[in-house]
Amino acid sequence: MLGINATADSTNKLSVNSSAILFNHIGNGVQVKLNKNAVGDSGSFLFQSNWSGRAEIGLTGDDDFHFKVSPDGSTWYDALVINRNNGKLESLGISFDGGTNNLQNYQEWAETALTGDVWTGTAPSGAANKFWKAIRVGKKVTVFFRIEYATAGATNTSVTIPLPAGLPTPETWTGQASELAYHGTGGLFTSAANIPTSGTPKGVTLRYNGTAWEFGIHSASGSHIFAQGTIEYMAA
């Protein structure tokens, strides 16, 4: 044990009381090493105020690099976590109003088959091309989707699809089902060139009923029906 202007103990085997500490090179670079025993241990620098922790950087509890802060030395928040395998930011606590609105939630969902669609009227048939993918930034969720069948059913057909598994539940407003925006196209097309059938009304309406999205696809019976676009909503 070594104490420099201080008393070392069994925990702090090197203890220094000083207004400054200098580690100088001897001709080239200089490097300080902190080596922990196992993945679940910590190798870090802890910053204290009156012996109570307020900030910590390093490998805290795993092998990713953490930037952590605490208001009291007991409760800790990851402000930034850098994934050791790819260098990506796993946690990014950017606050705009003291914590209510932030970009801490970021997630991507890869292209996935769309299932569970239930049709009213005469359901479409034939070859189907149905998929969705999504991205979340903060509370905003954007879903990209396409529903396509080779042969359309009767006029004014509507379809209901469940909220894809894994997506956050939409936020509700007082007096209405959800904060929701839809951007896209839909209708009846010829099988040859994907050109709207002459004189046929076309378009898509959409609403969220609390558990699923409902599409009203307005078109006459024909050879090709689809709906595609993006759905944007605020996560609960």
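Can you find a residue that is exposed (fewer than 13 other Cβ atoms within 10 Å of the Cβ), in contact (Cβ under 8 Å) with a residue 12 or more places away in the chain and more than 25 Å from the chain's Cα centre (by Cα) anywhere in region 53-67? No, region 53-67 contains no residue that is exposed (fewer than 13 other Cβ atoms within 10 Å of the Cβ), in contact (Cβ under 8 Å) with a residue 12 or more places away in the chain and more than 25 Å from the chain's Cα centre (by Cα).
Only one of THR142, THR112, THR120, THR157 is surrounded by fewer than 17 Cβ atoms within 10 Å (Cβ to Cβ), at pLDDT below 85 and farther than 22 Å from SER42 by Cα; which?
Within the list THR142, THR112, THR120, THR157, the selection yields THR120.
When region 8-52 is limited to residues that are assigned to a loop (DSSP other than H, G, I, E, B) and either in contact with a helix residue (DSSP H, G or I) (Cβ under 7 Å, 6 or more places away or on another chain) or touching a residue at least 24 places away in the same chain (Cβ under 8 Å) (or both), the one that is farthest from SER74 (Cα to Cα) turns out to be LEU34. For ASN50, the conditions (1) over 30 Å from LYS88 (Cα atoms); (2) outside the structural domain of ASN86 (by TED's automatic domain parsing); (3) of a type outside the set (Lys, Arg) are fulfilled apart from (2).
Would you check if GLY199 is within 26 Å of VAL69 (Cβ to Cβ), at pLDDT below 70 and out of contact with any Lys or Arg (no Cβ under 6 Å at 6 or more places or on another chain)?
Against the criterion (within 26 Å of VAL69 (Cβ to Cβ), at pLDDT below 70 and out of contact with any Lys or Arg (no Cβ under 6 Å at 6 or more places or on another chain)), GLY199 does not qualify.
Residues considered: ALA150, ALA123. Of these, the only one that is hydrophobic (A, V, I, L, M, F, W, C), assigned by TED's automatic domain parsing to the domain that holds GLY229 and not in a strand (DSSP E or B) is ALA123. Against the test of being at pLDDT below 95, assigned to a loop (DSSP other than H, G, I, E, B) and of a type in the set (D, E, K, R), the options ASP72, ASP63, ASP97 yield a single qualifying residue, ASP97.
The values are calculated or read from the model by the stated rules, or taken from the named source; none is laboratory data. The model shown is predicted, which means the values in this text are computed figures rather than measured ones. All Cβ positions, glycine included, derive from the backbone under ideal geometry; neighbour counts span all protein chains shown.
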